[in-house]
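Have a look at the structure below before the remarks.
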Amino acid sequence: MSVRVCVLLASFPESVLRPPATMICLFLSIFAYIFQSGWTGVNERTFIAVKPDGVQRRLVGEIVRRFEKRGFKLVGLKLMQASEDLLREHYCELRSKPFFSRLMTYMSSGPVVAMVWQGLDVVKTARKMLGETNPAESLPGTIRGDFCVETGRNVIHGSDSVESAQKEISLWFRQNELQCWEDSSSRWIYN
């Protein structure tokens, strides 16, 4: 396995591998690809973050309630002030966008509630529960449709794919911060 990773890394030009953010994004992509098989079915996991505006507006409880009522299992949760380094790594794909500096200022303006949820098709279902990135395009009943007015303050982040979820979870949580526990209600949710 490590030989394949070395060969993959060797295939990139040295200039691509120099910036730390690029290296971290590459490492997380490789990590996600290698370990993707255990993240399917009822064990699929997604990363959800209530952004600073959602925390300040005291929407955390309502958001957790919606995920629990849907039948998903909470396996990680923490309130934290995200560091600039963490945010740069998380948003590394957006660093060339004109709004990047505003995004960094916004995301570091207050605490964030980082969560990991587990369940069948949780990534796809969570994205539907969140609504569109632009709240004006979000349907009523979605989190953004119910609680947001503009894109720059859209309350919540959710992974957009299983691969992104794996990268984001490994970025925001250490393995010992994720709980493996038996959910007694799962027999009432899954066949």
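The values are calculated or read from the model by the stated rules, or taken from the named source; none is laboratory data. All of these numbers come straight from a predicted model, not from anything done at the bench. All Cβ positions, glycine included, derive from the backbone under ideal geometry; neighbour counts span all protein chains shown. Accessible surface areas use protein heavy atoms only, side chains included; no ligands, DNA or RNA. Shrake-Rupley method; radii C 1.70, N 1.55, O 1.52, S 1.80 Å.
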*asked:* Under 6 Å between Cβ atoms, which residue pairs at least 6 apart in sequence (or on different chains) link something in the stretch 146-167 that is closer than 21 Å to residue 59 by Cβ with a partner that is polar (S, T, N, Q)?
replied: 148/154; 151/134; 159/46
*Among residues belonging to the stretch 52-70 that are more than 19 Å from residue 141 (Cβ to Cβ) and out of contact with any strand residue (DSSP E or B) (no Cβ under 8 Å at 6 or more places or on another chain), point out the one that is surrounded by the most Cβ atoms within 10 Å (Cβ to Cβ).*
53
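If you check 73, 78, which single one turns out to be modelled with pLDDT of 95 or more, over 30 Å from residue 152 (Cβ atoms) and open to solvent by 30 Å² or more (accessible area, probe 1.4 Å)?
Matching residue, one of 73, 78: 73.
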*Within the stretch 131-141, can one find any residue that is open to solvent by less than 10 Å² (accessible area, probe 1.4 Å), polar (S, T, N, Q), touching a Cys at 6+ places or on another chain (Cβ under 9 Å) and more than 25 Å from residue 186 (Cα to Cα)?*
no
_Verdict on residue 115 being closer than 23 Å to residue 44 by Cα, in contact with a helix residue (DSSP H, G or I) (Cβ under 7 Å, 6 or more places away or on another chain), hydrophobic (A, V, I, L, M, F, W, C) and in contact (Cβ under 8 Å) with a residue 24 or more places away in the chain_ = no
_Looking only at the stretch 134-163, and only at residues there that are under 21 Å from residue 52 (Cβ atoms), at pLDDT 95 or above and of a type in the set (Ser, Thr, Tyr), the one that is nearest to the chain's Cα centre (by Cα)_ = 159
*asked:* Among the residues that make up the stretch 68-80, is at least one of them within 22 Å of residue 148 (Cβ to Cβ), in contact (Cβ under 8 Å) with a residue 60 or more places away in the chain and either of a type outside the set (Lys, Arg) or assigned to a helix (DSSP H, G or I) (or both)?
replied: no
*Mind telling me which of the residues 162, 123, 113, 155 ends up being closer than 28 Å to residue 85 by Cβ, touching a Cys at 6+ places or on another chain (Cβ under 9 Å) and open to solvent by less than 40 Å² (accessible area, probe 1.4 Å)?*
155
*Failed condition for residue 84, given (1) farther than 29 Å from residue 189 by Cα; (2) open to solvent by less than 80 Å² (accessible area, probe 1.4 Å), with all others met?*
(2)
